[in-house]
1. Spot the failing condition for A582; the list is (1) modelled with pLDDT of 95 or more; (2) more than 23 Å from E164 (Cα to Cα), and only one is missed.
2. Inspect segment 72-81 for any residue being part of a loop (DSSP other than H, G, I, E, B) and either over 19 Å from R508 (Cα atoms) or not small (G, A, S) (or both) and give the result as yes or no.
3. Tell me which residues, restricted to segment 69-86, are surrounded by 18 or more Cβ atoms within 10 Å (Cβ to Cβ) and either outside the structural domain of H12 (by TED's automatic domain parsing) or free of Cβ contacts under 8 Å to residues at least 24 places away in the same chain (or both).
4. Say whether the condition of being in contact with a Pro (Cβ under 9 Å, 6 or more places away or on another chain) and either closer than 30 Å to H168 by Cα or crowded, with 22+ Cβ neighbours inside 10 Å (or both) is met by at least one residue in segment 539-553.
5. Determine which single condition M126 fails, assuming it passes every other condition in (1) in a helix (DSSP H, G or I); (2) modelled with pLDDT under 95; (3) buried (at least 16 other Cβ atoms within 10 Å of the Cβ).
6. Take the conditions in contact with a strand residue (DSSP E or B) (Cβ under 7 Å, 6 or more places away or on another chain), surrounded by fewer than 19 Cβ atoms within 10 Å (Cβ to Cβ), closer than 23 Å to D104 by Cα and free of Cβ contacts under 8 Å to residues at least 60 places away in the same chain and apply them to T42. Does it pass?
7. Do we have any residue at all in segment 145-166 that's assigned to a helix (DSSP H, G or I), polar (S, T, N, Q) and either surrounded by 24 or more Cβ atoms within 10 Å (Cβ to Cβ) or over 12 Å from the mean Cα position of the chain (by Cα) (or both)?
8. Please note which helices (runs of 4 or more DSSP H) are completely contained in segment 440-556 and include at least 2 residues that are at pLDDT 95 or above and more than 23 Å from the chain's Cα centre (by Cα).
Amino acid sequence: MSYSTPESRTLHAAFAEKVDAVLSALEMEGTLPADTSRSNVTVEPPRDASHGDLATNAAMVLAKQAKTNPRELAGKIVEKLQADPEITEAEIAGPGFINMRLADGAWLRELATIAEFGEDYGKSNMGGGSTVNVEYVSANPTGPMHMGHCRGAVVGDALASLLEFAGHKVIREYYVNDAGGQVDVLARSAHLRYREALGETIGDIPEGLYPGDYLVPVGQYLANELGDKYQAAAEDEWLPIFRAEAVEQMMGLIKDDLALLGIHHDLFSSEAALQAAGKPEAAEEWLRKHDLVYDGVLEAPKGKAPPEDWEPVELPLFRSTKFGDDQDRPIKKSDGKWTYFGADLAYHMQKAEDADALIDIWGADHAGTVKRIKAAVAALSEGEGTPIPFDVKLVQMVQLMRAGEPLKMSKRSGNFITLAEMVDEVGKDVVRFTMLTRKPEAQMEFDFAKVVEASKDNPVFYVQYAHARIHSTLRKGAAEGFAPSVKNIELLGAEELELIKQAAQFPRMVEAAASAREAHRIAFYLYDLAGAFHAYWNLGNDNPQKRFIVAQDADLSGARLFLAAQIGQVILNGLAILGVEAVEEM
């Protein structure tokens, strides 16, 4: 355990250093062997708050190295911890855990630390500057953003911000699937709208083409740019041109939609460019060299009779059964084109060249491919040295509702509610925070009526209202001649200390959430902190002496206003990670 940055002055890190110092002293005394590994030693709040403020497993994990039993080693650790004036109690629990209670001064010092760090409070050097590539959204460039993309977009963007806050360098990447058959369908759909813009009557949109009105301006743009040159031309003349132009127009639309949510990627990688650069061939060559791809016959579909026109074809197959899959998977089609899986292998190999770890945010419908793509990435990155850490986060779809009833579809898109329509109705902050109020892998409903309710049951309102309430209180204090002051915070009592303890969990929560790659933990934490603040506020409804501003006591009012300001700072920092504004009035 080593804490040498300014962030180490936060409470949990400071007490981890105290435990570390005790272990060093025991090494010098010979109780612990020299150079005892402490990598598994933790210092964190106990699961049950009644057991104390902090707990450590040091005796449990080090007893074997010390050639003693955990409780005996715990006794020696406790003896030294009890000599620290900031630890009022240290006791052994169960087989050898150590629970500690801290002096009030330790918590009050943490309150001052929040003020000292300000917007940096909670930041960590845990990531050590390592580079993480987070790929998210990556929707096919065939239409505007819709709810099928929105949740993954928010989850990925919040996770990227969280990892940066925890000390990583982050590459936010979007993979443009511009080499598949769906892009040809887009080009044909755009060509139809192009002909319409030139004055043709196109009638109903033919089956198999994209029907949404969003392609009307694309057709108009193409008509203005190209004139009638391709109106009656053969498809092979205009298809490549219309494919490239339509993709460019759709990506512009997608970027504009994402910007409505405050989402901006660092890198847009093209599947077509990847293939043109020969990346899939390089990946196949490496896999064949290591006997992970071979030429074989794909099995007939299981559980049902194969189609009449099915016949066995020899294809290059990845040995995915070696990694737990139920059959080996082709990386090329019978026509020689790359399968999505084959192209995806090469894409991940390319990403691994510039990052220390990879994270993909996928829809839950891709669950079946996770195991084999992880296996392939591990194999490919091993060729460059140590296999690169690779994590896939699956995100469930969202059911749109209005006052409990399923929502009808959008006319603009043809068959879905667009992201732009959502943001226009309820606002960016509501959409972003709501998408993080459940674990990504859990089903969720987005009810347009409920997400704008001014109630405790609406998490985004509840958290933003806490921040706005704090700033209202600070403004009122200023108007009455009271200002936040750290000078008399020792006047704060038991209820205030409980609120400080809740706020002091933020740095630890950041590291835990970043380690687990789960940004929603920050949203959950903020809801709990807001709840603790509102509960404290409500004490003043029945007892005027419990209010933040006590007119006859300037010292106490200054201390409580200082407390309020720091709770507001923590809420602001947490909301910033989530990409949500901390409003100052509502």
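The values are calculated or read from the model by the stated rules, or taken from the named source; none is laboratory data. Here the structure is a predicted model, which is why all the values come from computation and not from measurement. Virtual Cβ from ideal backbone geometry, glycine too; neighbours counted across all protein chains shown.
1. A582 satisfies every listed condition except (2).
2. So far as segment 72-81 goes, no, none of its residues is part of a loop (DSSP other than H, G, I, E, B) and either over 19 Å from R508 (Cα atoms) or not small (G, A, S) (or both).
3. Passing the criteria: only V78.
4. no
5. Condition (1) is where M126 drops out.
6. yes
7. Checked segment 145-166: no residue is assigned to a helix (DSSP H, G or I), polar (S, T, N, Q) and either surrounded by 24 or more Cβ atoms within 10 Å (Cβ to Cβ) or over 12 Å from the mean Cα position of the chain (by Cα) (or both).
8. In segment 440-556, the matching helices (runs of 4 or more DSSP H) lie at 459-479, 494-503, 520-542.
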